[in-house]
1. Compute the angle between helix 535-548 and the longest alpha-carbon principal axis of the chain, please, reported from 0 to 90 degrees and rounded to the nearest 10.
2. Can you sort Asp180, Asp574, Asp477 by how many other beta carbons sit within 10 Å, fewest first?
3. Per-residue counts of other Cβ atoms within 10 Å, averaged by peptide: what ranking do you get for 354-361, 212-219, 239-246, 368-375, highest first?
4. Please report, to one decimal in angstroms, the Kirkwood hydrodynamic radius of the stretch 472-534 built from all distinct Cα-Cα pairs.
5. Among the listed pairs Lys165/Lys429; Lys130/Lys529; Lys156/Lys300; Lys146/Lys627, which are separated by more than 29 Å between their Cα atoms?
6. Within 10 Å of each candidate Cβ there may be at most 13 other Cβ atoms; applying that plus a DSSP loop requirement, which trypsin sites (Lys or Arg not before Pro) in the stretch 166-207 survive?
7. What percent does the relative contact order of the chain come to when contacts are Cα pairs within less than 8 Å and at least six residues apart?
8. Please tell me the relative contact order of the stretch 555-666 in percent, rounded to the nearest whole number, where contacts are Cα pairs under 8 Å and at least six residues apart.
Amino acid sequence: MSLTRVSRSDSLELHEGVDNAAFQEDGGRADSEKTDGQVAADCPSSSLNLDGAESSYTQIKPYAGMSKEVLLLYSRQARYRLPREILFWLVIVSTLVLLAVNITVIALSPRCLSWWQSSPVYQIYPRSFKDSNNDGIGDLKGIQDKLDHLNYLNIKAIWISPFYKSPMRDFGYDVEDFRDIDPIFGTMKDFDDLLVSMHDKGLRLIMDFIPNHSSDNHVWFQNSRRREEPYTDYYVWANCTRDKLPNNWVSVFGNSSWTYDSVREQCYLHQFLKEQPDLNFRNPDVRREMTDIIRFWLDKGVDGFRMDAVKHILEAPHLRDEPQVNASQPPEQVNTEFELHHDYTYTQVGLHDILRGWRAELDTYSREPGRYRFMVTESYDYEEIDKTMMYYSTDFARESDFPFNFYLMDLPQGLSGARAQELVGNHDKPRMSSSVGKEYISAINMMMLTLPGTPTTYYGEEIGMENVHIHIEDIQDPFGKFDPNASRDPQRSPMQWSSEPNAGFSGNGTGTWLPIHPNYTTVNVEAQKGNDSSVLEQYRRLSLLRESEMALHRGWMCFVWSDVDVFVYLREQDGLDRAFLVLINLGRNATTDLSSISGLPEHFRVHTSTVPKNQGRSYDRAAVPTKKGEGLLLEFSSNQRFHTSHASSCYISERACYLNVLDIMYKC
Ligand SMILES: [Ca+2]
Ligand SMILES: [Ca+2]
């Protein structure tokens, strides 16, 4: 190609008859390495001078389609080079700035609350929630029928107590098949349908997982007692005779934790009922089986597990006697768990490794966005709070999202990122309305919903259900049969839906599995719905408020005051002027003087009271009145944060500040 041909195609840019000898002579050779002098030498017929001297090319402008070699000559000119270099560095700098902004945003953003942190967890005892086939016992279809009730309460996570196939010696905590549903509760299809319905309604399902033991009806146990491999060591067996048991260990339900088996002619261990033999977690096959069962339900789509009675999982292999609490007590009289120090049967070394293994399994299913699989552990460690705290994840090892907090008020300090948890009732403990008093139930619900942790509500607490009286001869609970005073039947009575027969729980003409509380004609969902002053509506209002108010769902909790009548705490959020002071009256009518507490404003406005006529009132901090059993949520506005001057009284799970101008949260 010659410049002459080019000039014909673009006479506007190139003078007629001017030849580009340099182009013709250089062919495909790159010009970029040549100096200006070389260009001049190589192009005797031209005199292009990049230093600015006049030349025959002066009026030639670069244009699209001009060959690379010629363009390169122009490209060295400052007027082309400078903008190009400026653009180049602009791109580099902008990329680096964007990268830095991204890293900063990621580093400064607080973690979003996961589903198990953003709403109360609601516990359903399936025998007692709703009976769909009128046999007097609640079932899975019944639960499915009542999901709208949970949506109404703004609840997003449901823990359902066990519904595995079971001979029901301990109402489902004695599992005959970990992969099947008990016919009393329905079929596997009913379960699948329930799970689909729950997910459709934005509800998550937490299942009970019961690792410590199976039912003695389980095929593993039947094979184990016949020494059929690989099941021989699936349970904890020890040599013994009918008269001489292996050691002094006692069951949680009372009496020895050893039972002689005439088939195998050995004793097996059971930390609970003799129909609940302990699995041998020192056998890797057992650990593998239990992990497979977790996978089975995760594959089905369940959202998490409540790990039952975890401190009992391992025992010391040496099987030595445990020390007596009262050394002078005759050993043959020791028959309850409170009479021994459980050095060899509770919280043994290796327990947390097992739990962390299960957590790792859950985490492999948590990788998809929005599919976080949750784990809560149940361990009654009584006053040993350090043992409870061990179940929390650490920076180095992931374990439970939280252990159940059976202490309620003992919120330990200094565990960054750990989520607190509160509950006041479950299937094992008397209902609050009965143990504390029904006049306090709304205040207790307010406390649950305004403390910082994830509240867990046992079914019926949202309407203030009370313990039902069960005649001693009608006791169903195996624990109650051993000790009637410890029976758990009273807190397991059927849910009170309406004032219809059987409280709308069941259409069975011959009654329900446990009696309905006689107060069902007034204490029921239907009667309370729409009544602003009812326990139900107050629960719902606070559940919605907890979600909408940042100070309540992720802010600071500061202890302010307590006396025999009231418990007072403050909720505030860095970056927000609006804060809340909560007074829970668990005593008599009282007037609380908070003027000695620094950092509080002079006046508060009542945002919510469980005594409706107090709604909207204004109180002076020197005299805040509360009625017996009143829960009072006061709001105020202040630029000053209370926690900065009361650090030792304040707690936060994971600190984050709100920036009003940009409406964003950041770590601070
Ligand atoms: Ca039923
Ligand atoms: Ca065990």
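No lab work stands behind these numbers, since they all come straight from the coordinates. Since the model is a prediction, treat every value here as computed from it, not as a measurement. Heads up, the Cβs are rebuilt from the backbone with ideal geometry, glycines too, and the neighbour counts pull from every protein chain shown.
1. Computed tilt is about 20 degrees.
2. Details: Asp180 15, Asp574 20, Asp477 23.
Result, fewest neighbours first: Asp180, Asp574, Asp477.
3. On the way: 354-361: 17.8, 212-219: 22.4, 239-246: 12.4, 368-375: 15.5.
Going from most to least packed, we get 212-219, 354-361, 368-375, 239-246.
4. About 12.9 Å for the stretch 472-534.
5. On the way: Lys165/Lys429 24 Å; Lys130/Lys529 18 Å; Lys156/Lys300 19 Å; Lys146/Lys627 34 Å.
Going by Cα-Cα distance, Lys146/Lys627 fall outside the 29 Å limit.
6. Working: sites: Arg169, Arg179, Lys189, Lys201, Arg204; in loops: Arg169, Lys201.
When the trypsin sites (Lys or Arg not before Pro) of the stretch 166-207 are filtered for loop state and at most 13 Cβ neighbours within 10 Å, Lys201 remain.
7. Working: 1279 pairs, mean separation 68.3, N = 668.
In percent, rounded to a whole number, it is 10.
8. Values: 249 pairs, mean separation 34.7, N = 112.
After rounding, I find 31 percent.
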